[in-house]
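Heads up: the structure comes next, in structure tokens.
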Amino acid sequence: MKNKALALILALFTFTSIGLAQDYAFKVLANKGNNEVKSGESWQPLKTGASLSKTDEVKLADNAYIALVSSTGKPMELKQAGSYKVSDLQNKAGAGSSVLNKYTDFILSSNSAEAKKNRLSATGAVHRATETAAIDLILPDKNQHSGIYNDQAVIKWDGSKASGPYVVTFRNMFDDVLAKVETPETTINVNFGDAKFAAETAILVEVATKADAKQGSDQHLIKKLATPEKQKVKTSLSEIMGEVQEETALNNFILAGFFENNNLLIDAIAAYEEAIQLAPDVPSYKEAYDEFLLRNNLKK
């Protein structure tokens, strides 16, 4: 009798779990254009963050874009104008990695209206030390989330108070110069797997104008993860990597959420930059990137 009761409880739990898992078919992570969703009989404007039921239908306008992630953890981009039944999209998506939804939910909650309201109303906000510097380097402050998982990084700065060309200087912890890069832009891509950086576990970076070295940024630390830390991140990343291997704006957006969730802000910056490069006309990615910089005190 006890076994039957236990079996009934387990069956009810399983049924409830399945029902909860199927409350929605997709969530909208990014959206561009006058797109619409039909729930029931009427069409309504489609909004970023919306949940789509399998009985819904979406209409993609001309030159528009929708980024979706299924309840089973499968990313999907819609770029071709037309109407799509969500049930058909669900069948096309198939099974994915349910772990992926942890990061998509993190992205949506971090960019929600409530999250933005809380950030704007917060008191006693931390002021970055770089506020007095002529150049504001968009990197974490010293010893705070300065770790990096990937070799590739984007070094970016606000040069509104100091015009270029600029000189980016990389040093080791003994203050020896490892490399200097001159550029008229306010961003450079760096490969920390390159021979000149390969032996270093910690690198200091600063930016100054070529005309006046005193017109520059504070020094910031970039620290390669130690092997145990890197392996831990690699293990977590492997749980979703099968779904985000393709080089798309949406996949990089999801990776940005993964890296931020793991306090790897430098990797998140690179992922956001790649997402915007792949979809420069989708405002959702630019808005999310800006919000990311603000909530992590990387931008004033």
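The values are calculated or read from the model by the stated rules, or taken from the named source; none is laboratory data. All values derive from a computational prediction rather than experimental measurement. Reconstructed Cβ throughout: ideal geometry from the backbone, glycine too, with neighbour counts over all protein chains shown. Each accessible area value is taken on the protein alone, full model and side chains, heavy atoms only, with ligands, DNA and RNA left out. Shrake-Rupley method; radii C 1.70, N 1.55, O 1.52, S 1.80 Å.
Using a cut-off of 12 Å between beta-carbons, work out the net charge of the residues near Lys230 (Lys and Arg +1, Asp and Glu -1, Lys230 not included).
Working: positive: Lys223, Lys224, Lys232, Lys234; negative: Asp151, Glu229, Asp267.
So the environment of Lys230 carries a net charge of +1.
Order Trp157, Trp43 by their accessible area, 1.4 angstrom probe, all chains in place, largest first.
The ordering from most to least exposed comes out as Trp43, Trp157.
In nm, to one decimal, how far is the modelled label at Lys180 from the one at Lys85, with both set 7 Å along Cα→Cβ?
A separation of 6.6 nm, rounded to one decimal place.
Pick from Ser163, Ser98, Ser42: which is most flexible by mean-square fluctuation in a GNM of the chain where alpha carbon atoms under 10 Å apart are linked?
Maximum among the listed residues: Ser42.
What lysines does Lys299 reach when the alpha-carbon gap must be under 16 Å and sequence neighbours fewer than 8 apart in one chain are set aside?
Reachable lysines: Lys116, Lys142, Lys156, Lys161, Lys286.
Lys116: net charge of surrounding residues, Cβ under 9 Å, Lys/Arg +1, Asp/Glu -1, itself excluded? All intermediate terms of the calculation are to be shown ahead of the outcome.
Working: positive: Lys117, Arg119, Arg295; negative: Glu114, Glu291.
Residues close to Lys116 contribute a combined charge of +1.
If you roll a 1.4 angstrom probe over the protein chains with everything in place, what fraction of the accessible area of the chain belongs to carbon and sulfur, to the nearest %?
52 percent
Provide the per residue accessible area, probe 1.4 Å, for the chain, rounded to a whole number of square angstrom.
54 Å²
Below 26 Å, Cα to Cα, which lysines can Lys92 reach? Residues fewer than 8 away in the same chain don't count.
Output for Lys92: Lys27, Lys32, Lys38, Lys47, Lys54, Lys59, Lys74, Lys79, Lys102.
I want to verify a result. In a Gaussian network model of the chain, Cα cutoff 10 Å, which of these has the top mean-square fluctuation: Val177, Val28, Val86?
Val177
Heavy atoms only, probe 1.4 angstrom, no DNA, RNA or ligands counted: give me Asp23, Asp267 ranked by accessible area, highest first. If you can, show how the numbers build up before the last one.
Numbers: Asp23 105, Asp267 5 Å².
Result, largest first: Asp23, Asp267.
Between beta-carbons, use under 14 Å as the cut-off and find the net charge around Ala268, counting Lys and Arg +1, Asp and Glu -1. Intermediate results must be reported in sequence, preceding the final value.
Values: positive: Lys156, Arg295, Lys299; negative: Glu260, Asp267, Glu273, Glu274, Asp290, Glu291.
Charge balance near Ala268 sits at -3.
Assuming a ≥ b ≥ c are the square roots of the Cα gyration tensor eigenvalues, decide whether region 58-110 counts as rounded (a/c under 1.5), prolate (otherwise, with a/b larger than b/c) or oblate. Mind showing how you got there, number by number?
On the way: a/c = 2.94, a/b = 1.49, b/c = 1.97.
Oblate, since a/c reaches 1.5 and b/c is not below a/b.
Quick one: check the C-alpha center-to-center distance for region 105-120 versus region 186-200, whole angstrom.
33 Å
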